[in-house]
1. Restricting the search to segment B:202-226, which residues are under 17 Å from residue B:333 (Cα atoms), away from every other protein chain (no Cβ under 14 Å) and either free of Cβ contacts under 8 Å to residues at least 60 places away in the same chain or assigned to a loop (DSSP other than H, G, I, E, B) (or both)?
2. Return the pairs, sorted by first residue and then second, in which the second residue is among the aromatic types (Phe, Trp, Tyr), the first residue lies in segment A:399-427 and is farther than 11 Å from residue A:439 by Cβ, the beta carbons are less than 8 Å apart, and the residues are 6+ apart or on different chains.
3. Return the only residue of A:16, A:32 being within 14 Å of the ligand (Cβ to nearest atom) and either in a loop (DSSP other than H, G, I, E, B) or over 25 Å from residue A:136 (Cβ atoms) (or both).
4. Evaluate the following for residue B:156: is it buried (at least 22 other Cβ atoms within 10 Å of the Cβ) and aromatic (Phe, Trp, Tyr)?
5. Looking at (1) closer than 20 Å to residue A:430 by Cα; (2) within 12 Å of the ligand (Cβ to nearest atom), find the lone condition where residue A:124 falls short.
6. Here is a list of conditions, (1) of a type in the set (Gly, Ala, Ser); (2) under 21 Å from residue B:259 (Cα atoms); (3) in contact with a Phe, Trp or Tyr (Cβ under 9 Å, 6 or more places away or on another chain), and residue B:329 meets all of them except one; can you say which number that is?
7. Failed condition for residue A:49, given (1) surrounded by fewer than 23 Cβ atoms within 10 Å (Cβ to Cβ); (2) away from every other protein chain (no Cβ under 14 Å); (3) not aromatic (Phe, Trp, Tyr), with all others met?
8. Tally time: how many residues in segment B:145-161 are within 12 Å of chain A (Cβ to nearest Cβ) and either in a helix (DSSP H, G or I) or of a type in the set (D, E, K, R) (or both)?
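The values are calculated or read from the model by the stated rules, or taken from the named source; none is laboratory data. What you are looking at is a predicted structure, and each value in this text was computed from that prediction instead of being measured. Positions of Cβ are backbone-derived with ideal geometry, glycine not excepted, and every protein chain shown enters the neighbour counts.
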Amino acid sequence: MENTERLQNVSVLGAAGKMGSGILLLTALELADLSLKPENKDKTFILNAIDVSDAGLSGLMKYLQGQFIKAAEKKTVQLRGMYENRDELIENYDIINQYVFDVMNIIRPTTKMEVAYNSTLVFEAIIENPDVKVKLLSQIDQNNHHKPWYFTNTSSIPITQLDSAANLGGRILGVHFYNPPAVQKLVEVIKGKETREDLNEFALGLIKSMRKKAVPSNDFAGFIGNGHFMRDALHGINEAKKLAKESSWVEGVYTINKVTQDYLVRPMGIFQLIDYVGVEVCSYIMSVMNPHVKDEDLHSDVLDQLIVQGVLGGQYSSGAQKDGILKYEKGRPVAVWDLDRKDYIYFTDFQDACDAKLGKMPSTFMPWKAVNFNRSKAAILETYFNDLNGMNSLGANIAKTYNSRSNEIGKKLVADSVAHSEADVNTVMLTGFFHAYGPINEYLK
Amino acid sequence: MKLRRKVYMVAGYNTVSLGTGRSEFHPKKERPGIEHYLQEAGQAVLKQIGGSANVDEVVIGNFMSARFNKQAHLGAFAAIIDEGLRYKPSISVEGACGSGGLALTTGIRSVLAETADVVLAMGVEVQNTVKAIYGADILAGAGWFKNRKKGHAYFFPGEFSDRAGSYFDTYGRDYARKGMATWFKNAIENARLCETAQEHENKVGDLIQLGLSEPNGKVFTDYLNVFDCSKVSDGCSAIAIVSEEGLKRIGIPKSQAVEIASFAQVVDNLTEQPKDPVELTCTKVAAKQALTDAGITKDDLATVETHDCFTIAGILATEAIGFAERGKGAEFVAAGNTARDGIIPFNTTGGLVGWGHPTGATGVHQAVTLWEQLTGKAGDAQIKIPKEKPYGLSVNMGGNDKTVVSIVYKKV
Ligand SMILES: NC(=O)c1ccc[n+]([C@@H]2O[C@H](COP(=O)([O-])OP(=O)(O)OC[C@H]3O[C@@H](n4cnc5c(N)ncnc54)[C@H](O)[C@@H]3O)[C@@H](O)[C@H]2O)c1
């Protein structure tokens, strides 16, 4: 089957979800641009937006309309060319409206899974539950005569496992977008043992056309991104516990979050990142990964305890951060959840003492925001880390240990053949997690 | 034609040119509407000239409030500026981005016709009501609508990109871009000296390098980058146009005013593409007529305010007015001749690229700047006006060199 033909009937499962909605957006724009090519004039393109939630689908369509308008406004120069022969479309306004209509016209929102029986490509982005995923995939495959190709967005379930359990005969590939897909550039691509090469190539073409960066990852639970993040998070939790022995959990969390954000020049501290992804999601991903790893226990009793106490993090549909391990005001952390008192303790109560213990930061410190987009990023980091290396404060020491652990995790991903190369590990952390530098670095000794 | 009666301009005022670049501007924050701008600038002039009782007539230049603000009939806003303007004559005039210039010539004609001794001339535009991509549709109204379909998404940048492209082909790309980048640099440096300028707070270090950024035809135009373009602006400018009797009535000494030595207002055919893309022919005709009628040459000018809607228009204006020979404008500018310390300072408060371009207000803004410079009121932006060169020239253009107003001002 030719690529264009394959894209004429696509289904996205879980289309109303965080990931599904973004994947739908990107795919819809892709199909619209295809449909507007003169050679495809007589072809119909269909994109089924499938989800169990009617309310979710209704919200999805509103979200999409806004996004399509923005996308059209950004590429009006090209659109004028694409609609050159439509004499009645004169002003940018006419052209943008027409394009938004044309994209929306491809999408069929529905709660009926059966529509996927006619699809030639199925993008799966439903909840991260192996049983539910397998059941749905095999149901579709048994009823679909086209031998469709499947992309799964799973964060942690091995592709080979999905393939064999749903009996897909190698017609499935991990295409792991990052949240939010519309913005994040990185896509991890994961072949299962039996995955067909033509499916992989087709995916790489599509990802490129969506202007994303594909990084291949081997089929190990968690792949590269979560393979690093989950271990990094566990290290953070353990470091906080160590500090807690001499002070308190609350102070430990504050301190480690500060060191990981400031000392290590990251976009956010490790506990804020756990909240961002969601405490339950992290815990769940670890539980899916854990049976597949040897010599390691990817599990955290602290996360379990938080979940029991209802401290979950995650985001509101507006994208605002929900309270989790940390409490947020205007998007900034202001307090830490106390596991014993079951309440938030404000930074202001203990912050000064903690900061004093950490010691002074090098005068060459600049926050992530000022560094990451700076043209002289490499030089700034070089100078700063050099200074930090020369220091023997508590803060500098925690940072050094943290960085070397991050290093170790990165190298292990290569040693275990999860990643093809150290460069791939770094690319994932740079593009998927917006780190200013890769975990495999020579900065700190 | 020589003026048969003495005409002066006095008591000018500019609001801030609001838009990207100004720290108080935020696209999502509520902003003043067209009424507020008219009130601010109008009242500021009235205060200087002894109140509305002294005003015989109001003229408001505006290009596209009917689309930007869904508001037409601006003349009848006069009474919101001051109750005393109710039941007085007031009109709005339109000639695309030359609307402000038309407000001035309309006021001058009234004084010459002796139907008014004091005219409140204003220009206003509030453009940030829509995103730039839709603003481009609206501004395209300055061209012939029949050409809109085949025009660029950013219609006017597209038109002037074509001119720039021709200039590149004829005289060399790098040569031209160097001149254009210098024009940009001068504009920003002058704007930094003027508190109302949109680029007043600009802190960029290497302006030449920024000005030389590669154009990207995929998202914008083939030959212009965004730094080659004037700004999207909200703003209002106002000034009083008065006769000798009018000056007496408002009680301001002549030394505080500038004399209008001549004015020219000409049009070209809107339905035609430029016959000579590397020349602003209509501008050339207008400037020549204005200088001739004033009985002076370019060498008598101390400063020029020209319509640099794009840096290439600034370069072409130095040629059209006669400072540089054909094809030599880029060199003339790159050599620093049009900078504030050059032989002929152009656009001393930043022009359209640096001060801003509230389209319908621009012509009046030029008059206010020249009045300030020739009467020593330009503050930090003040340049030296040599005794032997007591003149200033303005060139205000509508569309792609289709309506042009050129005025010669004389220090009294
Ligand atoms: N959120 C992230 O940061 C992230 C990042 C990368 C990958 N992922 C992966 O993407 C997938 C989706 O995650 P999410 O965060 O978008 O979750 P989500 O809860 O936001 O979305 C899941 C959607 O699937 C729908 N759904 C549930 N069961 C369904 C079924 N049987 N049939 C059809 N629709 C069903 C839900 O109604 C919901 O709209 C998971 O596999 C997750 O591991 C998530």
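1. Answer for segment B:202-226, where residues must be under 17 Å from residue B:333 (Cα atoms), away from every other protein chain (no Cβ under 14 Å) and either free of Cβ contacts under 8 Å to residues at least 60 places away in the same chain or assigned to a loop (DSSP other than H, G, I, E, B) (or both): B:207, B:208, B:212.
2. Pairs found: A:399/A:263; A:416/A:220; A:417/A:220; A:418/A:220; A:418/A:223.
3. A:16
4. yes
5. It is condition (1) that residue A:124 fails.
6. So residue B:329 meets the others, but not (2).
7. So the condition that residue A:49 fails would be (1).
8. So the answer is 10.
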